[in-house]
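Working notes, beginning with the structure itself.
The values are calculated or read from the model by the stated rules, or taken from the named source; none is laboratory data. In this text the structure is predicted, and so the values were computed from the model without any measurement. Cβ atoms come from the backbone with ideal geometry, glycine included; neighbour counts cover every protein chain shown.
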Amino acid sequence: MNQYFYPRSELRATIANLPIHAERNSGLSSVREHEKGNSRQSGALALSGISLSFGGVTALSEIDLNIVSGEIRSIIGPNGAGKSSLINIISGVYRPDSGHIRINGHTYQKVPTHQLARLGIARTFQNLALFKGLSVLDNVKISRVHHSRATFLEQITGLGRARREETDSLNRSNAIIDFLDLGDVRHSLAGTLSYGLQKRVELARALVAEPKILLLDEPMAGMTPADKQDLTGFIRAARDQFGTTVVLIEHDIGVVMGLSDRIAVLDYGRKIADGTPAEVRSNQAVIDAYMGIDHEENPTGGSN
Amino acid sequence: MDTVTVRKAPGHWPWIAPLLVLATAYGVIPFIGTSYLFEAILTPFLALSLAGLGLNILTGYAGQLSLGSAAFLAVGAFGAFNFNLRVQGLPLIVSIVLAGISAALIGIVFGLPSLRLKGFYLAISTLAAQFFVQWALTKFGWFSNNSPSGVIDAPPLTIFGISFEGAVGRYLFALTIVTIFTLFAWRFVNTRTGHHFIAVRDNELAAKVIGIPVLRTKLLAFAISSFIIGVAGVLWAFAYLRTVETGGFNLDRSFQIVFIIIIGGLATIRGSFFGAALIVIFPLILSRLGQLFLGDIFNSGVLEMSQRIVLGALIILFLIVEPNGLVSLWDRLRKKPLRLSRIKTIN
Amino acid sequence: MDGFDWIFFSEVLIGGLLAGVMYSLVAIGFVLIYKTSGVFNFAQGAMVLFAALTFVSLVERGISFPLALIATFAVMILLGLAIERTVLRPLVNKPPITLFMATLGLSYILEGGAQLLWGTQVHALDLGIEDTPLEISGMLISKFDLIAAGISAGMVALLSIFFRYTRTGLAFRAVADDTFAAIAVGLRLPRIWGAVWAAAGLVAIVAGLIWGARLGVQFSLSLVVLKALPVLVLGGFDSIPGVIVGGLIIGALEKLAEVYIGPYFGGGIESWFAYVIALAFLLARPVGLFGQRPVERA
């Protein structure tokens, strides 16, 4: 099973030769290594007692989830189990009815969405959420917003900090675009790309922000097996190269089992299991809940 | 090989075409145009283009539909008039800038609902600006210097000691201001903040998640747009009509500016000019055609009504057939000869 | 509070409420179309003008009142069907803003067309209702307003019953609730949309006659749309009860403000005051009068 999900060897070689990789090793990733060493076991992100309902319909009840720095943590469950709601709570799109969220030592009742990027969290969306009227490059570049300090005047004249920042974000964006094999469509409008490519642009947009935590909401939905294999490689590489913590919602059990360090299983808004892929696979509650997933799973993606 | 170079040319020198247009506008037209051309066509065209440009930044780029543009035209016109009248010795250019700032501030106030409202709800709330400003300017005589008719003469156009008099002078005045703002807009939409506008338009939630200050971006869009429309109002009153009056800044004018950007092309700089050109020229053509075929039956009342009908039909036609406006039609027409020449080279 | 004229206050309030019912009547035309097809029909005001102008012109040409009414009904139904066919069907699945723009264009065509056809002069419209004040427990209430409000209320009730209890009404509601499901069970959308536009045409006639008798039949009649918009913002684009209550609130507050606050501003504030009410309310309560938090479940 495993060999299917490993990235192709040439992909690994490409990633290893990336300029961004070198830059990371010299600067930022040394900080990461340090963090990793110290806080491997501490929670990068912790949810406790999270409940959410919509007009009397319970979406989540009493969810506790502790996500450790640097892990790839998957959240799975049948359709309507509340997986996307969980991501939406972590990213502040929804306010939970009760419970709180702890991110990097700060506790929130509702995560402030506009500060998400500054908190080091980036996410992708289940349904595509690209800026269709911008090119792929601009879609990615724009995600450097919280690194930008240039004033309005500097931007209009293209002088001072604006120029330096522009060069910097251009280089980083190009590196990520190459990293995700998007070079050919760099200047295409995002709205004109195929579904699979748009998904990948979303990943690029999330990665360029150098997030500590990356939330992926069904990144594989609607992808061909080859695309899935590539994307699996990219996600693993993102974690391995940049030390990013990954929270992954995915329907493709094969992908999840091969990629995750730990897996939390939701069913009807409750967490029914939480552990390593092996533990989860042998968990009776999970097996029961999943008796239905084969026919509930939608091969063309869509909503869960 | 050749065709490839030709095809890429516009991308490599995007400034060539605008530069040629500018050279013609400054170097050729002033010497060959008639005063009818300047007064009835070019000057109103420039003022409306600028208004379209302003609205396009808000609606085309930032995705916030406004039905109250005429209010900001009015604020600009009355603002410049009053600054010029009441502050002794204030250069006209400063009056114009202050008028733009006044329009921007009022734009921010009426843009505040955009923080909570979207789509139609927002569009309707911008009508509040339209009616409130129109009411305030009519109700308080102070704004029109207590002129009994409410119609006031615009001051002479003198900037840095240069007097822009006569039809050609006023045309050049308008042309210069429009050129400056077009350059600004063209730069702006390619800056990071310009991209923020598009991001907020295309997906507000995603924009918020990646850290774009959505609320500030929307208010900035209202401010910049209203500033430009305000200055367009100055051109409309000072360079075109030569009078300042509330009558012309009504709801129909607001719709006209919306039509300009729809017919021309949303979220394009050129679109505002294309749209304005059509809006200015089609009534003239219609009136000529009407007189030609219908003679005396085609009086001013009939003309006005048929203008409304044709304008409405044009809007619907464009929405159905060419939703990206004249700009995309133009681009297609320009590519066609290229495609033909490529076929020729292959042959 | 000494010396406060409660009788006068009540007169103003009731006058406002009666006017409000008439606002609701126009607003309901919007709701009908918005609910079933998601189109925000700015041309509703132009339809009101078109209907009133057609009717009054027929009457002026010596056609009897009932006959003119029937003819106008026929014209409006045909008009509704034609609009659906030529303007909206080619734009199906386009963004709502595009559809809105199309109806803006449509309003220009209708306004121009109606006046080109029937002329631009002001027509008086006499429905045979005297505009004499009635005295009810000390208050003077306009008889015309009372009857107009009664007719409007009747129309509103009729539409509600139609929506709730008839087969066609049920089909309308099915389309409004879930377009895809409605198609799946075999409802034919173009036919329903055609029917909705025809129904909106009928509402336009009633509104046109009442407003026309009040204001005279002229171009400004199409501006009643501008009175209905704040009502829609307040009540919600898709809620019939919302626009009824919204109309009452706006009608009442507008009249009260005009009488009690207006003089401090030099009067004439009714052109924008309704918008300010609607906006202030919406800023405090974004979901509108009867709005609910949408059910989302992922």
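For the stretch A:108-129, the tally of residues that are among the hydrophobic types (A, V, I, L, M, F, W, C), buried (at least 24 other Cβ atoms within 10 Å of the Cβ) and touching a helix residue (DSSP H, G or I) at 6+ places or on another chain (Cβ under 6 Å) stands at 3. Given the condition closer than 30 Å to B:Asp202 by Cα, at pLDDT 90 or above and assigned by TED's automatic domain parsing to the domain that holds B:Gly141, answer yes or no: does some residue in the stretch B:291-312 qualify? Yes, there is a match, as at least one residue in the stretch B:291-312 is closer than 30 Å to B:Asp202 by Cα, at pLDDT 90 or above and assigned by TED's automatic domain parsing to the domain that holds B:Gly141. Checking every residue in the stretch A:177-188 against the condition of being assigned to a loop (DSSP other than H, G, I, E, B), in the same structural domain as A:Gly233 (by TED's automatic domain parsing) and buried (at least 21 other Cβ atoms within 10 Å of the Cβ) gives zero matches.
B:Trp142 - would you say it is assigned by TED's automatic domain parsing to the domain that holds B:Leu220, exposed (fewer than 15 other Cβ atoms within 10 Å of the Cβ) and either in contact with an Asp or Glu (Cβ under 7 Å, 6 or more places away or on another chain) or in a helix (DSSP H, G or I) (or both)? Answer is yes for this residue.
The residue that is surrounded by the most Cβ atoms within 10 Å (Cβ to Cβ), among those in the stretch A:91-107 that are within 13 Å of chain C (Cβ to nearest Cβ) and within 17 Å of A:Pro211 (Cβ to Cβ), is A:Ser91.
Name the residue, out of C:Leu127, C:Leu88, C:Leu81, that is more than 9 Å from chain B (Cβ to nearest Cβ), among the hydrophobic types (A, V, I, L, M, F, W, C), in a loop (DSSP other than H, G, I, E, B) and touching a residue at least 24 places away in the same chain (Cβ under 8 Å). The conditions single out C:Leu127. Being at pLDDT below 95 and touching a helix residue (DSSP H, G or I) at 6+ places or on another chain (Cβ under 6 Å) holds for only one residue in B:Val280, B:Val231, and it is B:Val280. Reported count of residues in the stretch A:105-114, each being in contact with a strand residue (DSSP E or B) (Cβ under 9 Å, 6 or more places away or on another chain) and more than 16 Å from A:Ser85 (Cα to Cα), is 2. Within the stretch C:142-172, track down each residue that is more than 17 Å from C:Trp211 (Cβ to Cβ) and of a type in the set (Gly, Ala, Ser). Scanning the stretch C:142-172 gives C:Ala157, C:Ser160, C:Gly169, C:Ala171.
Looking only at the stretch B:230-267, how many residues end up being buried (at least 24 other Cβ atoms within 10 Å of the Cβ), under 26 Å from B:Val310 (Cα atoms) and away from chain C (no Cβ under 14 Å)? Here the count works out to 3.
Can you work out which of the residues in the stretch C:252-283 that are more than 25 Å from the chain's Cα centre (by Cα) and part of a helix (DSSP H, G or I) is modelled with the highest pLDDT? Out of the qualifying residues, it is C:Tyr260. Those helices (runs of 4 or more DSSP H) of the stretch B:10-70 in which at least 1 residues are hydrophobic (A, V, I, L, M, F, W, C) and surrounded by fewer than 16 Cβ atoms within 10 Å (Cβ to Cβ), considering only elements entirely within it, cover B:16-27, B:29-32. Residues that are more than 14 Å from B:Ile309 (Cα to Cα) and among the aromatic types (Phe, Trp, Tyr) were ranked within the stretch C:95-124; the one that is farthest from the other protein chains (Cβ to nearest Cβ) is C:Trp118.
Would you be able to tell me the number of residues in the stretch B:167-203 that are touching a residue at least 40 places away in the same chain (Cβ under 8 Å), within 14 Å of chain A (Cβ to nearest Cβ) and either among the acidic types (Asp, Glu) or within 29 Å of B:Pro91 (Cβ to Cβ) (or both)?
Within the stretch B:167-203, the subset touching a residue at least 40 places away in the same chain (Cβ under 8 Å) is B:167-168, B:170-175, B:177-179, B:181-182, B:185-186, B:188-189, B:194, B:197-198, B:200-202.
The next check asks that each one be within 14 Å of chain A (Cβ to nearest Cβ); those that pass are B:181-182, B:185-186, B:188-189, B:194, B:197-198, B:200-202.
Among the residues that remain, those that are also either among the acidic types (Asp, Glu) or within 29 Å of B:Pro91 (Cβ to Cβ) (or both) are: B:181-182, B:185-186, B:188, B:202.
Of the residues in that region, 6 qualify.
Select, from B:Leu105, B:Leu98, the only residue that is surrounded by fewer than 23 Cβ atoms within 10 Å (Cβ to Cβ), touching a Gly at 6+ places or on another chain (Cβ under 7 Å), modelled with pLDDT of 90 or more and in a helix (DSSP H, G or I).
Working: B:Leu105 fails: touching a Gly at 6+ places or on another chain (Cβ under 7 Å).
Selected residue: B:Leu98, the only one of B:Leu105, B:Leu98 that is surrounded by fewer than 23 Cβ atoms within 10 Å (Cβ to Cβ), touching a Gly at 6+ places or on another chain (Cβ under 7 Å), modelled with pLDDT of 90 or more and in a helix (DSSP H, G or I).
Is it the case that some residue within the stretch A:177-191 is closer than 19 Å to A:Gly222 by Cα, within 13 Å of chain B (Cβ to nearest Cβ) and touching a residue at least 24 places away in the same chain (Cβ under 8 Å)?
Yes - at least one qualifying residue is present in the stretch A:177-191.
Residues in the stretch A:140-151 that are at pLDDT 80 or above and more than 16 Å from B:Val214 (Cα to Cα): A:Val140, A:Lys141. Identify all residues within the stretch A:54-87 that are touching a strand residue (DSSP E or B) at 6+ places or on another chain (Cβ under 8 Å) and among the aliphatic types (A, V, I, L, M); write none if there are none. Across the stretch A:54-87, the qualifying residues are A:Ala59, A:Leu60, A:Ile63, A:Leu65, A:Ile67, A:Val68, A:Ile72, A:Ile75, A:Ile76, A:Ala81, A:Leu86, A:Ile87. For the stretch A:207-253, a tally of residues being farther than 11 Å from A:Ser74 by Cβ and aliphatic (A, V, I, L, M) returns 13. Being modelled with pLDDT of 95 or more and in a helix (DSSP H, G or I) is not true of B:Ala123.
The residues of the stretch C:15-48 that are farther than 23 Å from C:Ser142 by Cβ, part of a helix (DSSP H, G or I) and either away from chain B (no Cβ under 14 Å) or not basic (Lys, Arg) (or both), listed by number, are C:Gly29, C:Phe30, C:Val31, C:Leu32, C:Ile33, C:Tyr34, C:Thr36, C:Ser37, C:Gln44, C:Gly45, C:Ala46, C:Met47. Pick from the stretch B:300-321 the residues that are farther than 11 Å from C:Leu116 by Cα and more than 7 Å from chain C (Cβ to nearest Cβ): which of them is surrounded by the most Cβ atoms within 10 Å (Cβ to Cβ)? Residue satisfying both the conditions and the ranking: B:Phe318. The stretch A:67-136 holds strands (runs of 3 or more DSSP E) entirely within its bounds, and those carrying 2 or more residues that are in the same structural domain as A:Asp252 (by TED's automatic domain parsing) and small (Gly, Ala, Ser) map to A:98-103. Please indicate, with yes or no, whether at least one residue in the stretch B:157-166 is in contact with a helix residue (DSSP H, G or I) (Cβ under 7 Å, 6 or more places away or on another chain) and either modelled with pLDDT of 85 or more or within 14 Å of chain C (Cβ to nearest Cβ) (or both). No; the residues of the stretch B:157-166 include none that is in contact with a helix residue (DSSP H, G or I) (Cβ under 7 Å, 6 or more places away or on another chain) and either modelled with pLDDT of 85 or more or within 14 Å of chain C (Cβ to nearest Cβ) (or both).
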